[in-house]
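Step one of this worksheet: look at the structure below.
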Amino acid sequence: MTRTRLDTIAGPLDRTAGATPNIALLPLVGGQWHPEPAGPRLAVVDNTGRSEVPLTGDLIPAR
């Protein structure tokens, strides 16, 4: 596993680089399920860790 390097839907996963062996840092985006007529849709509501991922919705407070 310490030689794992691959591209994922969340970005590159590389366990060969970094300060600690067998650890991969993967910046993520924040998502929230939004109700829609066709069913729930996962919206990207925070892209602080990966600014190249577009926002697709606003953060809605829980009710």
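The values are calculated or read from the model by the stated rules, or taken from the named source; none is laboratory data. Fair warning: this is a prediction, and the values are worked out from it, not measured in the lab. Heads up, the Cβs are rebuilt from the backbone with ideal geometry, glycines too, and the neighbour counts pull from every protein chain shown. Quick note on the areas: whole protein, heavy atoms, side chains included, nothing else; ligands and nucleic acids left out. Shrake-Rupley method; radii C 1.70, N 1.55, O 1.52, S 1.80 Å.
Note on exposure: Arg5, Arg41, Arg50 ranked by accessible area (1.4 Å probe, complete protein assembly) read Arg5, Arg41, Arg50, with the most exposed listed first.
Extension gain, Leu42 to Ala17: 0.36 nm times the residue separation minus the Cα-Cα distance gives 5.9 nm.
A Förster radius of 30 Å, combined with the Cβ-Cβ distance separating Arg3 from Arg50, puts the computed FRET efficiency at roughly 0.80.
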